[in-house]
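Reading through the structure tokens given below for one structure.
Rule-based calculations on the coordinates, nothing more; no lab input. This is a predicted model, so every value here is computed, not measured. With ideal geometry, Cβ positions are generated from the backbone for all residues, glycine too; neighbour counts draw on all protein chains shown.
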Amino acid sequence: MPQFKGFQRRFDQRGGYQIVAVMLVCSVVLAWSPVVRSQVDSPGEYEIKAAFLFNFAKFIDWPANSFKSPTSPFAICILGRDPFGSILDTALQGRMIGGRPLLILRLKDTAEARQCQMAFISSSENSHLAKILEDLRGVHVSLVGEADGFAASGGTIQFTIDENHVRFTINTDAADRAGLKFSAKLLALATIVHDEGHSSRG
């Protein structure tokens, strides 16, 4: 999928730039990229979201005990029906996070998400989302979703569509409970929300 490879090239830029600068360039381009479904050369919604997942993973620190061993892979998991199709596998094949190979897993059971570093909660799970968030509360997993109120309800990161653009919200209370350390530059690009639902622009 050639249109997504352009995003990958942006992610891989290293020469002459500090990593923070790379993140700012990549994220600003992606954060304000329109979701265009009718133009072949424009990235689709889930291509953009896949790119975000990879960038999120690079700018969050997980506790060492969230991995079984120093050589364990970094697992990005999809809980429920997978809206990405082959996008994640194709785009992230051979990628590394913090020196660990990336592993993409599809899950059916909430308990399995405890083995992941990042879990995307599909909209197919909306009917029992509250139980999922409660079951995974405080676990060292970054929970990512797109349901209305996902972040304020205890999810870590929520995708939103605003004026046909993909944006994201971070619940810093949820991140703290999970022991996750977010880059200040990543927080600056997000809308910040707390458990009580009070939000502010990062």
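A few points about this structure:
- Built amide H within the under 5 Å cut-off of residue 107, gap 5+: 78, 79, 80
- Site pair residue 147 and residue 108 shows an inter-label distance of 2.0 nm when each label is modelled 7 Å from Cα along Cα→Cβ.
- The GluC sites (Glu not before Pro) of the range 118-202 that meet both conditions, a loop assignment by DSSP and at most 12 other Cβ atoms within 10 Å of the site Cβ, are 163, 196.
- Qualifying trypsin sites (Lys or Arg not before Pro) in the range 88-170, where qualification requires a DSSP coil assignment and no more than 15 other C-beta atoms within 10 Å, comprise 108, 137.
- Sites residue 130 and residue 188 - FRET efficiency at Förster radius 30 Å, r taken between beta-carbons, to 0.05: 0.50
- A rounded overall shape is assigned to the range 89-192, the ratio a/c of its alpha-carbon gyration tensor axes (a ≥ b ≥ c) being less than 1.5.
- Anchor residue 68: lysines whose Cα lies under 26 Å away (excluding residues fewer than 8 positions away in-chain): 58, 108, 131, 181
- Full-extension gain in nm, residue 64 to residue 86, via 0.36 nm per residue minus C-alpha separation: 5.0 nm
- With each label modelled as a point 7 angstrom along the Cα→C-beta vector, the residue 96-residue 160 pair spans 3.7 nm.
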